[in-house]
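Notes follow once the structure below has been shown.
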Amino acid sequence: MIMSSTHDPVLVCISILIAVAASYTALDLAGRIRASQGWLRRVWLATAAVAMGGGIWAMHFVAMLAFRMPGMHLDYHVGLTLLSFLVAVVVTGAGFAVMSRARGALPLLGAAGAFMGLGIVAMHYLGMAAMQMAAELSYHPLWLGISVVVAVGAATAALWLASRDQHPAERIGAAVLMGIAIAGMHFAGMRAAIFTMLPGAHMIEAPSVSQTTLAISVSMAAFLILFLALVAAMFDRRFALLAQREAEALRRSEEQFRALYRGTPLPLHALDPDGHIEHVSDAWIELLGYAREEVVGRPLINFLTEASARQLIQRDWPELLAAGALDQREYRVVTKSGAFLDVVSAARVERDAAGGFVHVVGGLTDVTDRKLAEEALRQAQKLEAIGQLTGGIAHDFNNLLTVILGNLELLRKRLPDDPRTRRLVENAFEGAQRGASLTQRLLAFARRQDLRPEPIAVAELVRGMTSLLQHSLGPMVRVETHFPLGLPPAQVDANQLEMALLNLAMNARDAMPDGGIIDISATERAVDGEFADLAAGRYVKLVLSDTGFGMDEETLARAVDPFFTTKGVGKGTGLGLSMVQGLVAQSGGRLTLRSALGRGTVAELYLPVAEGAEQALPAPPLPAPMPSRRLTVLAVDDDALVLANTAAMLEDLGHRVIPAVTASEALGLLRGGLSVDLVVTDQLMPEMTGLELATAIIEAWPRIPVLLVTGLVDFEVKAGQSIRILGKPFAQDDLATAIRDVAASASVIRLKQRRES
């Protein structure tokens, strides 16, 4: 006999609530599975399996307890009931495991849903098989198939929903639908069950508890477990949110630090324990000229010269790792363009709280310009020392030439009328004059004074220094000059122009290592707005060209920069062309350079024409003027040869000479009552210079004129002092002219009362 059955509506409703709650909890926990990694992911996977599988089992068990058959006592086999629980948990866990790795792939989700759905069907019919009653259980095929389809569909839908992020409202709606579907699967399976009373069957006597009480107990346990799972998920979500916020804050902080690090104006780098570059600042990239991807990950030594890389590997890096910091060390780096830069680098090891290595932080300071300036300063100091030495040597050489020229001139007057002997004396005299011209140029090189522009005959100045140029440039360089007739004088400092031409000639010689030609020429040029930095007017265009290897565009653009030089260390200061440009600019002109590789270099100096000055031809030398009367001259010089030569020339001019070897001796003679008409004194003497002696004489004996003989060019006589300067070496004619001028000026000087000595 087929038995009829009923269901307790209260327990049915409770079972459906359990299914909905389990579905919601499973969907919520699925989000934790996706958001977790490692062992925590496995914990949440197990929790979701227990919540979903256990919830489905609890729903099934409560629904089974809601089942009633009048006159039939029901009981349940404990082992099969527990087995059905394990089946539900295992198949649900397997489904969620596949879902967590499927990343939304529908084929995998469909297969996992079919497996999970069939497992839930197995759980259901295991639970049905656990029923103990005096009846035979069979199933209607149609409803059995419906229950299987509903189970597979519900499981697949559950996994698909669990693989997606849902809004809480969407999650609730999905949970309600899933709960109803799960309950529908159960009741479809129950609808498929057919109970047939066994004939003569007797009820099994076994202790049991009330079905309602058991259902409520299972329901309470299920709700408690699901609630605890939701609470755990809520706290985990909160902790994950806090961790995410901290990670986001840390990320933003790191991005800000990285932006600050990259944007710092200092060339900074960070290195790993092997010396590979981890980070570099934008200034570092700009300094070396590489792209960031060409730098990061490469060893720092790849950007150093061989010697600097060896220094870093063998000495500095071990010291840095051992001491934790490295003071400033000098290296040479190689830019992407192949240029070498001198840098100073300091570094420090950064460690974490546990003392572990994090990275090495270091920086580069470009000292290339500073080192070039230091080298240029050393070269300038050498030049200054050479200038001082040259001045001293030239002064002593002047004294010797003064003696030689003076004695040769006196000897020439006393020679017999022998052409051969006279020719020898003339040759010696001409050689001494050349030496005098050379010493004057050496003294001009050694002087330190402001520009003194004056009308200068450029052609005569160049011809006068041709011999000096030829000797300075060597035999492999030929100097040619071309000047037109009637070239007007230029307003420029003669000595500085000589130095400028010498600088240009030396540069030209260095550009012609195998020899060549230097051509110097000049023309008059009218300028009217052709150059922005040159006023309209008349100029003497002085041109010096060579046949050297020339300069490329980059070198030509920097040629006049101070301290820029293409010569090796110690072979150039980089100041030559800048000094030439400064001279021409201060004189009111300009320097123009034209050059090309393989075509030599042309330097054009535009010098303003000296307005109102006529270029006069040199007048023939006049015979030495004789004074109108015989003078008593006090000659003062610490050099006995020079003093004897000066005395001989003065006596030959008809004057009476009283010698004195020191300024003190000369002042002693004057204070002793010696009456003289003129004092001729040397400038450089021990204890008191000639200018100091002249000042003392003028203050005490203002009627006595002073003739100051010197080879120096860097001192001036105060206005109002009756002092005439005669440059060394001098000829007798020069001495006679100077005495005449001093005597003439002394006759118009306002006399002062003689001071008592």
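The values are calculated or read from the model by the stated rules, or taken from the named source; none is laboratory data. What you see is a predicted model; the values in this text were computed from it and never measured. Positions of Cβ are generated from backbone atoms using ideal geometry, with glycine treated the same way; all protein chains shown enter the neighbour counts. In case anyone asks, the SASA skips ligands and DNA or RNA and just uses the protein heavy atoms, side chains included. Shrake-Rupley method; radii C 1.70, N 1.55, O 1.52, S 1.80 Å.
Does residue 533 satisfy the criteria of being charged (D, E, K, R), buried (at least 19 other Cβ atoms within 10 Å of the Cβ), farther than 23 Å from residue 548 by Cβ and touching a residue at least 12 places away in the same chain (Cβ under 8 Å)? Spelling it out, it is not the case that residue 533 is charged (D, E, K, R), buried (at least 19 other Cβ atoms within 10 Å of the Cβ), farther than 23 Å from residue 548 by Cβ and touching a residue at least 12 places away in the same chain (Cβ under 8 Å).
With respect to being open to solvent by less than 50 Å² (accessible area, probe 1.4 Å), within 42 Å of the chain's Cα centre (by Cα), under 19 Å from residue 605 (Cβ atoms) and touching a residue at least 24 places away in the same chain (Cβ under 8 Å), residue 483 falls outside the description.
One residue stands out among those in the stretch 225-242 that are free of Cβ contacts under 8 Å to residues at least 40 places away in the same chain and open to solvent by 90 Å² or more (accessible area, probe 1.4 Å): the one that is farthest from residue 25 (Cα to Cα), which is 239.
Considering (1) surrounded by fewer than 16 Cβ atoms within 10 Å (Cβ to Cβ); (2) hydrophobic (A, V, I, L, M, F, W, C); (3) not in a helix (DSSP H, G or I), the lone condition that residue 641 does not fulfil carries the number (3).
The set of residues from the stretch 628-671 being of a type in the set (S, T, N, Q) and farther than 23 Å from residue 401 by Cα comprises 628, 632, 664. Comparison of 455, 489 shows that the only residue that is in contact with a Pro (Cβ under 7 Å, 6 or more places away or on another chain) and open to solvent by less than 50 Å² (accessible area, probe 1.4 Å) is 489. Among the residues of the stretch 334-370, those identified as small (Gly, Ala, Ser) and either part of a strand (DSSP E or B) or surrounded by 14 or more Cβ atoms within 10 Å (Cβ to Cβ) (or both) are 345, 346, 347, 362, 363.
Filtering the stretch 492-526 to residues that are open to solvent by 60 Å² or more (accessible area, probe 1.4 Å) and part of a strand (DSSP E or B) leaves 523, 524, 525, 526.
The numbered conditions (1) in contact with a His (Cβ under 8 Å, 6 or more places away or on another chain); (2) at pLDDT 80 or above are all true for residue 680 except (1).
For every residue, the table says whether it meets (1) within 15 Å of the chain's Cα centre (by Cα); (2) among the charged types (D, E, K, R).
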{"position": "314", "(1), (2)": "no, no"}
{"position": "320", "(1), (2)": "no, no"}
{"position": "327", "(1), (2)": "no, yes"}
{"position": "331", "(1), (2)": "yes, no"}
{"position": "340", "(1), (2)": "yes, no"}
{"position": "351", "(1), (2)": "no, yes"}
{"position": "354", "(1), (2)": "no, no"}
{"position": "360", "(1), (2)": "no, no"}
{"position": "364", "(1), (2)": "yes, no"}
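Against the test of being at pLDDT below 90, open to solvent by less than 20 Å² (accessible area, probe 1.4 Å) and in contact with a Lys or Arg (Cβ under 9 Å, 6 or more places away or on another chain), the options 609, 580, 633, 584 yield a single qualifying residue, 584. In the stretch 128-187, the residue that is least open to solvent (accessible area, probe 1.4 Å) out of those that are part of a loop (DSSP other than H, G, I, E, B) and at pLDDT 70 or above is 130. Of the helices (runs of 4 or more DSSP H) lying entirely inside the stretch 264-324, those containing at least 2 residues that are over 18 Å from residue 366 (Cα atoms) are 306-311, 317-323. For the stretch 207-224, the count of residues that are part of a helix (DSSP H, G or I), modelled with pLDDT of 70 or more, touching a strand residue (DSSP E or B) at 6+ places or on another chain (Cβ under 6 Å) and crowded, with 20+ Cβ neighbours inside 10 Å is zero.
Which members of the stretch 731-757 meet the condition of being at pLDDT below 80 and either of a type in the set (Ser, Thr, Tyr) or touching a helix residue (DSSP H, G or I) at 6+ places or on another chain (Cβ under 6 Å) (or both)? Within the stretch 731-757, 745, 747, 755, 757 meet the criteria.
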